[in-house]
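No value in this document is a laboratory result; all are computed from the given coordinates. Keep in mind the model is a prediction, meaning the values are calculated, not measured. Using ideal geometry, Cβ is built from the backbone for each residue, glycine included, and neighbour counts are taken over all protein chains shown.
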Amino acid sequence: MIPVQLIVAAVIASASFATAWGIQGARYDRQLSDIRADQTTALAQANADALAKTVALQKAKDEAERKHKSRIADLGRDLAGNRVALVGLSHAADTALRAANDSHGTCQSVAAAQGNVLNQCSARLVEVAADADHLSAETVMLRNAWPTISQP
């Protein structure tokens, strides 16, 4: 027969093993719970950061579009003004030709005045072309400087 002391020792060993198993299981569950909580917190923070960045980028895009529409409207007004000025210049040239029939002196004075206007227009055209070249260069610089996401 098995001595009582051996049975008591087996019962104590079994109880100790079961208790240690339960404690380790609870500790493991707590560690998993902590890891899941940390992961959930990190995911929520990453989502909040991504949303904030998206909102900021959308705001910048919307502002750029608004400014672009304003610039396009300004360019349209300038173009209309230039067309009106061109029609006026054409009428002035027609008037000068009709006046030339009346007097050679009138023709020379109108031609001199129109020469001055032509010189001023030519100078302004060169300035506008220089501005356009400058803006084109800035556009290239902005495109090259724009942040991009490299694909792996």
Count of segment 24-64 residues which are over 37 Å from the mean Cα position of the chain (by Cα) and charged (D, E, K, R): 4
Filter result (polar (S, T, N, Q) and surrounded by 11 or more Cβ atoms within 10 Å (Cβ to Cβ)) within segment 104-117: T106, Q108, S109, Q114
